[in-house]
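So the structure is just underneath, and the comments pick up after that.
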Amino acid sequence: MSEPLHRALGLTDDEAAEIERILGRRPNSLELAMYAVMWSEHCSYKSSRLHLRRLPTAGEGVLVGPGENAGVVDVGDGIAVAMRIESHNHPSAIEPYQGAATGVGGILRDIFTMGARPIAVMDPLRFGPLDDPRSRWIAEGVVSGISGYGNSVGVPTVGGEAEFDETYRDNPLVNVFCLGVLPVENLVLGRATGVGNLAVLVGAGTGRDGIGGVSVLASAGFSEGEDESAKRPSVQVGDPFEEKRLIEACLALYDAGLVVGIQDLGGAGLTCATSETASRAGMGMDVDISAVRRREPDMEPFEVMTSESQERMLAIVTPQDLDEVLAVCRKWEVSAGVIGRVTSGGSLRVLDGFGGEVLADIPAASLHDDAPCYDRPRTPPARDAQGDDHVATTEGVDLGEDLLAMLLDTSWVWRQYDHQLFLNTVLGPGSDATLLRLKHPLTGRDTGRGLALTTDGNHRWCSVDPRQGTAMVVAEAVMNLATVGARPVALVNCLNFGNPEHGEVMWQLSEAIDGMAEACRAFAIPVVGGNVSLYNESGGADIAPTPVVGMLGLVDGLDVPPPTTSLVDGSRLILIGDHVAALGGSRWAFERGQRGGPLPPLDLRAHSRVATAVRDLVNGGLVNSVHDVSAGGLGLCLAEMAVRSGVGFNVAGIHGLAELFGESPSRCVVGADPELAGTVLRVCESAGAPTTELGFAGGAHLHVEDLLEVSLTEASSRYHDRLPSALGAGTTQG
Amino acid sequence: MRYAVRVEVRLRDGIADPEGATIERSLPALGFDGVSEVRVGKSIRFVLDADSEESALGEVDDLCRRFLTNPVIEDATISIEAAEVLQ
Amino acid sequence: MSTRVGIVLFPGSNCELDVAEAVRSLGGDAEILWHDEPSLRGVDVVVLPGGFAHGDYLRPGAIARFSPVMEKVVAFAEAGGPVVGICNGFQVLTEAGMLPGALQKNAGLKFVCQMAQLRVESVDSVLTAGLTVGDIVKMPINHFEGNYTCSEQTLTRLRSNDQVILRYVGNPNGSLDDIAGICNEGRNVVGLMPHPERASHELLGSLDGVPLLRSLLAPATPGCADPLSG
């Protein structure tokens, strides 16, 4: 007995019945395919939508919040910033190079769709352990894909993360964040207004790549033993040169005022772009499927309507402007042709030639507004599984070796990325936060201000307590921005979780959203966009909950480069923030197969006071180095400062393992000229931030009184060699 | 006449081929012993209309020298055969 | 009057605005020349900027050299006009035969974006006239195909004619003889892999690109100015 078509397309029986109710008749197979792609988890957020509503989205300067292609924030001087984050996890697990490359391509289109020139990409990456050859194959391929596409398309990759952990062994997390700048008046929305206006398909030809990619790749986990290579045909292939020309052509169209609305073609291809633009404007659209330029012969209508071929945009233009639009596209060697017309009445009709046979006729809005929204069961884990286990003993622990084992220089990754294009990068990858000069996108005028960016995630904190862990991730992002003198302005999130049909995963997701909402409210940071990636699992095991945030901050006066994480010889080292001893959720505990007990407490108000103090110190030019305390605790924080500078340290007053490697939040280490140390302490005091004097920067050792002493030379070589030597050990696909 | 043309572009002898060397170095670890002299090139295929095989060869040769290869570092070998008549 | 710098924009170039910004910050005039323009509009200097002209497909620079504007650039150079190719521009100049040699994939087979240390080897070129031989300067490199190679005879000629203008200190890409930049025998055509424009603002970590760009903006030598005007 063969399976009903709707099930083969990934629709449940209830969803199929709902489609029939909407249409008042049985859908044909093309219509069913269109619903299937639009009602997939990837496009409809059907498992998460209910919960995402709890995030605060309003805030000063927010021009566009969640729901459009990207969030847009007014940053002053007539400049707006568009930002978005996405995941390309499943495609990257199958074909790392193309998966990552098309992830970059997709996020860029989301940004220039809004009228913005993309000026910065960041890649938070999470892979399986370095001793696993397949994880190395994925890591190497992903980094090459980002490098190959991002560099060529001409958008610098200015930051990100690179983590390696068992939980991502078969399911890497390849998230990508992009930021663009636009003159406020150039803001374009993805709306097909004006009956009679034309829908012009701009860019690459349409092929069979990514057919069913949305449902096959993004909405189903990999079951054990399944041959991933069998899924390879639906992987999209990117062409950065096509995308580069597409960016330039679209920006030229905006500058000439030739576009009424525009939308990129991503997941669900033409079906999504035509229905979204039409329904956002309360309109309908007739699509002439015969006019879609194809790359392959004999494509079926459903293939054309759901193809995820890359580097395509749908522009809505007036008939009078059409010739000029086509001329701009010709200059940039980008192909363009009319494939649709805006209609009244709200129907999305697919036609074989305008006036030809009607192949599909569905209410455009029903593909979005009527998409299912599930309140899936949520089950908190049993208390004992939640991680009250304690680190039993520290006897026999070699703290020096443990510290060395945590050192990892990520420059092997980001040296492969052009991180300097556009002459904006003041602090690039490898910094606590990226700092860019803010220039007007049209005139190039330097505002004398700076954009600060950070991406952060921590699956260990979130596995111990998804709610507080997520709040700590948001807090860490705030602290990272403070280290470059920036105040937070807006946030986007990428929620990477396991299978939502598992009660515990839904509980994690819901808790994480609440934790994010609490922290964002406390810091007054609006959430302007997000992405949810579910079904991250392999062999039935869900990944650890990994919400990742991308945060934008502003620096009000950027005249001199801020201090870096590098120590300056002879400086006094001061810890700002409360000094709490607890190993819960720490990297040290997790690497020993333990959770270390509950998370150390987070006080959002105290956190704000520390962040304010750090920001004031950086902006006041009072400190010569600064690094937030995060994964690996105070010990790793100090060690990183040392190996990055080639200057050792000599500190005291750190009592035991839990104070050395515990990850109590809301802390930052600063280095200060001894003559300024008193002022630093006073600034902290007036901000209400507690301080501890740790010691001095200098010497050829990493020395913590009574705890450890390691030679700087050894620490440096461990730090620098780890990634190159691990990846130099070879990779294998199988 | 239509001719199916295959141009194989490779680095000239004596020009370092880091890609080939890297592949060669990684083979023993994967259990492939006895492989040596790995060279990496690229293959370009197209169909050409020409009066005769001789004129086709002349044209492809010119195309290789002026465009498809960089003579400073690359060589090409050309193979030509009569193409199947399409449809 | 300010020196007018024409920056050629091929589809896929991406450093054109950066070069323009740096040129303007030093008092020069910068204008973008589209790759199929029939004239150089009488500019004093031509820069072929970095990026990925035509996607670097086939080979970097292989397709760009056939752009209509390149005929004018060749004629401009033959008349003594200063032409500088940075990164991808250097690759275009070698493909066009305006400079000897070729640029291969980096020895490490990875794209490399990092600060590079360079030693000034010759100040007898339009780009290095304002420097001192032996100076060590810091400028970013950003390329996959920056591994300079040429025949032994060519190398001998480059050396004997003092045509190597910059060498790497600590070779990052396997370049023959550590070569980072060369000029032609007329000293008016220069190609280099490092990006002077990325070392032209104090917030960017180095100002060492400034003397190079200033050399280029110095009043053109008599006989070189505007060779194609009229």
Evaluate the following for C:A116: is it more than 14 Å from chain B (Cβ to nearest Cβ), modelled with pLDDT of 95 or more and buried (at least 17 other Cβ atoms within 10 Å of the Cβ)? yes
Inspect all residues belonging to the stretch A:179-191 and state whether any of them is in a strand (DSSP E or B), of a type outside the set (A, V, I, L, M) and within 24 Å of C:Q114 (Cβ to Cβ). no
Being of a type in the set (S, T, N, Q), modelled with pLDDT under 95 and either part of a strand (DSSP E or B) or touching a Leu at 6+ places or on another chain (Cβ under 8 Å) (or both) is the filter here, so list the residues in the stretch A:434-460 that pass it. none
State whether one or more residues within the stretch C:134-153 are surrounded by fewer than 21 Cβ atoms within 10 Å (Cβ to Cβ) and in contact with a Pro (Cβ under 8 Å, 6 or more places away or on another chain). no
Give me the pairs, please: first residue somewhere in the stretch C:169-191 and closer than 15 Å to C:S151 by Cα, second residue anywhere and basic (K, R) and assigned to a strand (DSSP E or B), beta-carbon distance under 8 Å, and either six or more positions apart or on two chains. C:D177/C:R167; C:D178/C:R167; C:I179/C:R167
Any idea which residue in the stretch C:204-215 is farthest from the chain's Cα centre (by Cα), counting only those that are within 12 Å of another protein chain (Cβ to nearest Cβ) and buried (at least 20 other Cβ atoms within 10 Å of the Cβ)? C:L204
Report yes if some residue within the stretch A:570-577 is under 30 Å from the mean Cα position of the chain (by Cα) and closer than 20 Å to A:T470 by Cα; otherwise report no. yes
Would you check if there is a residue in the stretch B:26-38 being within 14 Å of chain C (Cβ to nearest Cβ) and surrounded by 12 or more Cβ atoms within 10 Å (Cβ to Cβ)? yes
Which ranges mark the strands (runs of 3 or more DSSP E) fully within the stretch A:601-712 that have 2 or more residues being in contact with an Asp or Glu (Cβ under 6 Å, 6 or more places away or on another chain) and over 27 Å from A:R460 (Cα atoms)? A:701-704
Tell me, yes or no, whether the stretch B:43-66 has at least one residue that is over 21 Å from C:N106 (Cα atoms), touching a Phe, Trp or Tyr at 6+ places or on another chain (Cβ under 8 Å), part of a loop (DSSP other than H, G, I, E, B) and more than 14 Å from chain C (Cβ to nearest Cβ). yes
Matching entry among C:E16, C:E31 (being more than 30 Å from B:C64 (Cα to Cα), among the charged types (D, E, K, R) and either surrounded by 20 or more Cβ atoms within 10 Å (Cβ to Cβ) or in contact with a helix residue (DSSP H, G or I) (Cβ under 6 Å, 6 or more places away or on another chain) (or both)): C:E16
Do you know which residues across the stretch A:548-595 are surrounded by 24 or more Cβ atoms within 10 Å (Cβ to Cβ) and aromatic (F, W, Y)? A:W588
Given the criterion under 18 Å from the mean Cα position of the chain (by Cα), buried (at least 21 other Cβ atoms within 10 Å of the Cβ) and not basic (K, R), identify the matching residue among A:T454, A:T425. A:T454
Output the residue which, of all residues in the stretch A:42-63 that are touching a strand residue (DSSP E or B) at 6+ places or on another chain (Cβ under 8 Å) and not in a loop (DSSP other than H, G, I, E, B), is nearest to A:L534 (Cα to Cα). A:L52
Considering the stretch A:77-113 alone, what residues qualify as being under 12 Å from A:Y149 (Cβ atoms) and among the polar types (S, T, N, Q)? A:Q98, A:T102
Test result for A:V121, part of a strand (DSSP E or B), closer than 15 Å to A:C178 by Cβ and among the β-branched types (V, I, T): yes
Looking at the stretch A:272-280, can you tell me whether even one residue there is out of contact with any Lys or Arg (no Cβ under 7 Å at 6 or more places or on another chain), outside any helix (DSSP H, G or I) and in contact (Cβ under 8 Å) with a residue 40 or more places away in the chain? no
Kindly evaluate C:A107 against the criterion of being surrounded by fewer than 19 Cβ atoms within 10 Å (Cβ to Cβ), part of a loop (DSSP other than H, G, I, E, B), of a type in the set (G, A, S) and within 14 Å of chain B (Cβ to nearest Cβ). yes
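The values are calculated or read from the model by the stated rules, or taken from the named source; none is laboratory data. Nothing here was measured: the structure is a model prediction, and the numbers come from that model. A quick note on method: Cβ atoms are made from the backbone with ideal geometry, for glycine too, and the neighbour counts reach across all protein chains shown.
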